[in-house]
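K.L.:
After the structure tokens below, expect a handful of questions from me.
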Amino acid sequence: MKIAILSHPLFFGSFSMPRFAHYLASGMKGQGHDVEIWRPRPVLSKIPVTGIMKKWLGYIDQYVIFSIWLFFKTNFTTDKRLYIVSDQALGLWVPLIRNKAHLIHCHDFLALKSAKGQISDNKVGLTGKIYQKLILKGFSKGENFVSVSKNTQRELSDILHKNATINTYVYNGINALFQVGDTLKARKELGNQIGFSLDKGYILHVGGNQFYKNRKGVIKIYSKWRETSNLELPLVLIGTPPNTEVFRVQNESKFRSDIIFCPGLEDEMVKFAYQGASLFLFPSLAEGFGWPIAEAMACGCPVITTNEAPMNEVGGKAALYIKNTKEFDTIDAWARKASDEVELFFKKSPQEIDYIKQEGLENVKRFDSAKTISRLHEFYLEAYHLKYE
């Protein structure tokens, strides 16, 4: 079977979705298929300008120049090919391949829900609302969908207002890099990397500055916990450098010298971070899947996360849970309550903590990468045969 995977361009500087496209391509090549990744190339975005102009030239490359290329590539061929849209955010291309064998991967609808005013914490301007409306109109033309979680699948069903031919979910597979290791060695490796002693342990968070990652909430929970706890563990935050708001919250903390941001770490060092952490704190407001929850558990790290889908879908019975911020009148009240859960964790016996770790390792067997590829392969074949046989 010939497969074309439509992927995000590289010139916008985001690599998570291109990495996902590569993962799909590698997996399907392993199943014996002829696979190509098709993505926009920089044409106008090569022009040496900055700011909003650079962004708009990139959009022209992505949605005008590449769309013309895709139209001719798909309409003037007799090839029987399966077209995989690697992210529903690329929905503007879906009308071009809707009459071909196709399948669309759905990750999360946070941007779309924000544009509709359903997420008050994330205001969207007029152009953003128009953009999301066009994306929705585009991917709604599709017929076959695979979501990354049950929660995303449910949201898709509500959005589509129609019965798709294929509408299912397949959990993401964990990178085999993430596995249990020597805790003391991991702390030493990460400590040497960031220039901070971590020998006694630390609380870990992995994520960016997006509103739903709730980085400010992480810092507030940590600060409330330190105010009442006898422990003096640092907080390590891995991801992009803090933005102005996150930096402000850090500066307001009495324990700011123990709050360490670690941007730009390679995957190997992120693995050490998980392996050496005393606790992984992940109070997200929303997610598409929640990769870090599964990665932490795969490395034997206990997890505290938000008791809402899909975080509790990924964490299952193995994670410890806190409530969402919306259930409290103030962020400080929420952070105080969440910090109590952190302290309760640290008061557990070594035997109880070991049990939590073992539960996590058992839980993440659901996210085996080979199983993911196998399941996706089944739906790819189904989408192909629906059209061509």
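The values are calculated or read from the model by the stated rules, or taken from the named source; none is laboratory data. Source: prediction; values computed, not measured. Here Cβ is always computed from backbone atoms with ideal geometry, including for glycine, and neighbour counts include all displayed protein chains.
K.L.:
Got at least one residue in the range 83-98 being assigned by TED's automatic domain parsing to the domain that holds Ser149, surrounded by fewer than 22 Cβ atoms within 10 Å (Cβ to Cβ) and hydroxyl-bearing (Ser, Thr, Tyr)?
P.N.:
no
K.L.:
Then there's this: Going through Asn175, Asn163 one at a time, which residue ends up being without any contact (Cβ under 8 Å) to a residue 40 or more places away in the chain and either over 23 Å from the mean Cα position of the chain (by Cα) or outside any helix (DSSP H, G or I) (or both)?
P.N.:
Asn163
K.L.:
Give the range 308-336 a look and list any residue that's at pLDDT 95 or above and small (Gly, Ala, Ser), or say none.
P.N.:
Residues satisfying the conditions are Gly315, Gly316, Ala318, Ala319, Ala333, Ala335.
K.L.:
Among the residues of the range 307-321, what is the count of those that are free of Cβ contacts under 8 Å to residues at least 40 places away in the same chain and touching a Ser or Thr at 6+ places or on another chain (Cβ under 9 Å)?
P.N.:
Summing the residues that are free of Cβ contacts under 8 Å to residues at least 40 places away in the same chain and touching a Ser or Thr at 6+ places or on another chain (Cβ under 9 Å) in the range 307-321 gives 5.
K.L.:
Taking Ile84, is it aliphatic (A, V, I, L, M), within 21 Å of Met1 (Cα to Cα) and either part of a strand (DSSP E or B) or modelled with pLDDT under 95 (or both)?
P.N.:
It is true that Ile84 is aliphatic (A, V, I, L, M), within 21 Å of Met1 (Cα to Cα) and either part of a strand (DSSP E or B) or modelled with pLDDT under 95 (or both).
K.L.:
Here are Met269, Met297: which of them is surrounded by fewer than 20 Cβ atoms within 10 Å (Cβ to Cβ) and not charged (D, E, K, R)?
P.N.:
Exactly one of Met269, Met297 is surrounded by fewer than 20 Cβ atoms within 10 Å (Cβ to Cβ) and not charged (D, E, K, R), namely Met269.
K.L.:
What single numbered condition from (1) of a type in the set (A, V, I, L, M, F, W, C); (2) part of a loop (DSSP other than H, G, I, E, B); (3) buried (at least 16 other Cβ atoms within 10 Å of the Cβ) fails to hold for Phe196?
P.N.:
(3)
K.L.:
Which of (1) at pLDDT 95 or above; (2) in a loop (DSSP other than H, G, I, E, B); (3) outside the structural domain of His8 (by TED's automatic domain parsing) is the odd one out, the single condition Gly191 does not satisfy?
P.N.:
(2)
K.L.:
Can you tell me how many residues within the range 364-386 are under 21 Å from the mean Cα position of the chain (by Cα), of a type in the set (D, E, K, R) and assigned to a helix (DSSP H, G or I)?
P.N.:
Qualifying residue count for the region: 4.
K.L.:
Here is a further query. Is the range 340-359 home to any residue that is assigned by TED's automatic domain parsing to the domain that holds Lys200, closer than 26 Å to Ser120 by Cβ, in contact (Cβ under 8 Å) with a residue 24 or more places away in the chain and assigned to a helix (DSSP H, G or I)?
P.N.:
Checked the range 340-359: at least one residue is assigned by TED's automatic domain parsing to the domain that holds Lys200, closer than 26 Å to Ser120 by Cβ, in contact (Cβ under 8 Å) with a residue 24 or more places away in the chain and assigned to a helix (DSSP H, G or I).
K.L.:
Do we have any residue at all in the range 153-164 that's at pLDDT 95 or above, surrounded by 21 or more Cβ atoms within 10 Å (Cβ to Cβ) and over 14 Å from Leu110 (Cα atoms)?
P.N.:
Taking every residue of the range 153-164 in turn, none turns out to be at pLDDT 95 or above, surrounded by 21 or more Cβ atoms within 10 Å (Cβ to Cβ) and over 14 Å from Leu110 (Cα atoms).
For (1) within 21 Å of Lys347 (Cβ to Cβ); (2) crowded, with 18+ Cβ neighbours inside 10 Å; (3) in the same structural domain as Glu189 (by TED's automatic domain parsing); (4) free of Cβ contacts under 8 Å to residues at least 60 places away in the same chain, each residue gets a yes or a no:
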residue	(1), (2), (3), (4)
Ile203	yes, yes, yes, no
Asn209	no, no, yes, yes
Lys213	no, yes, yes, no
Gly217	no, yes, yes, no
Trp225	yes, yes, yes, no
Thr228	yes, no, yes, no
Leu233	yes, yes, yes, yes
Ile238	no, yes, yes, yes
Asn243	no, no, yes, yes
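K.L.:
Please find, within the range 142-160, the residue that is nearest to Gly91 (Cα to Cα) out of those that are among the β-branched types (Val, Ile, Thr) and within 20 Å of the chain's Cα centre (by Cα).
P.N.:
Once the filter is applied, the top-ranked residue is Val146.
K.L.:
Residues in the range 318-331: is at least one assigned to a helix (DSSP H, G or I) and farther than 30 Å from Leu156 by Cβ?
P.N.:
So far as the range 318-331 goes, yes, one or more of its residues are assigned to a helix (DSSP H, G or I) and farther than 30 Å from Leu156 by Cβ.
K.L.:
Just for the range 132-152: of the residues that are more than 22 Å from Ala115 (Cβ to Cβ) and not hydrophobic (A, V, I, L, M, F, W, C), which one is modelled with the lowest pLDDT?
P.N.:
Lys150
K.L.:
Kindly indicate whether any position in the range 56-72 is among the hydrophobic types (A, V, I, L, M, F, W, C), outside any helix (DSSP H, G or I) and surrounded by fewer than 19 Cβ atoms within 10 Å (Cβ to Cβ).
P.N.:
Checked against the condition, which is being among the hydrophobic types (A, V, I, L, M, F, W, C), outside any helix (DSSP H, G or I) and surrounded by fewer than 19 Cβ atoms within 10 Å (Cβ to Cβ), the range 56-72 yields no hits at all.
K.L.:
Please find, among Ile52, Ile68, Ile47, the residue that is at pLDDT 95 or above and hydrophobic (A, V, I, L, M, F, W, C).
P.N.:
Ile68
K.L.:
A further question on this structure: Looking only at the range 31-40, decide whether some residue is assigned to a helix (DSSP H, G or I) and either crowded, with 19+ Cβ neighbours inside 10 Å or free of Cβ contacts under 8 Å to residues at least 12 places away in the same chain (or both).
P.N.:
no
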